[in-house]
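Reading through the structure tokens given below for one structure.
The values are calculated or read from the model by the stated rules, or taken from the named source; none is laboratory data. Just so we're clear, the structure is a prediction, and the values are computed from it rather than from any experiment. Every residue, glycine among them, receives a Cβ derived from its backbone with ideal geometry; neighbour counts consider all protein chains shown.
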Amino acid sequence: MKDTEQNGNTVDHDVRQRPEDRGCRSCHRGGVAVAALAAEKKDFKVAWSIYVGWMPWGYAADTGIVKKWADKYGINIEVKQFTDCVESINQYT
């Protein structure tokens, strides 16, 4: 994996190493990984429609599986079914 540092130099990385272990200044700044700076999110929405790959969302919501995992991690997940695939995408974009 290659990475470009702020000074324009290209650095090769061993992809098995964490960014902070491989000394990449663009991935790791000041002792805090960049990903750690993202705000914590508690509410999530999942839109699904009748499609083979999306059917488990309806099952998981109806049987309480989604609620079980949301409660375990202290988050809220709203699972909403749409009759049209395009409409499900438009609602959440």
Next item on the list: Starting from segment 78-93, take each residue that is β-branched (Val, Ile, Thr) and list its partners that are surrounded by 11 or more Cβ atoms within 10 Å (Cβ to Cβ), counting only C-beta distances under 6 angstrom and pairs at least six apart or across chains.
Entry: Val79/Val46; Val79/Trp57; Val79/Ala61; Val79/Val66
Notebook entry, point to check: Restricting attention to segment 35-48, and to residues there that are surrounded by 12 or more Cβ atoms within 10 Å (Cβ to Cβ) and at pLDDT below 85, which single residue is farthest from Thr83 (Cα to Cα)?
Noted result: Ala47
Note to self: If a residue must be of a type in the set (Phe, Trp, Tyr) and either free of Cβ contacts under 8 Å to residues at least 12 places away in the same chain or surrounded by 12 or more Cβ atoms within 10 Å (Cβ to Cβ) (or both), how many such residues does segment 49-58 contain?
What the structure shows: 2
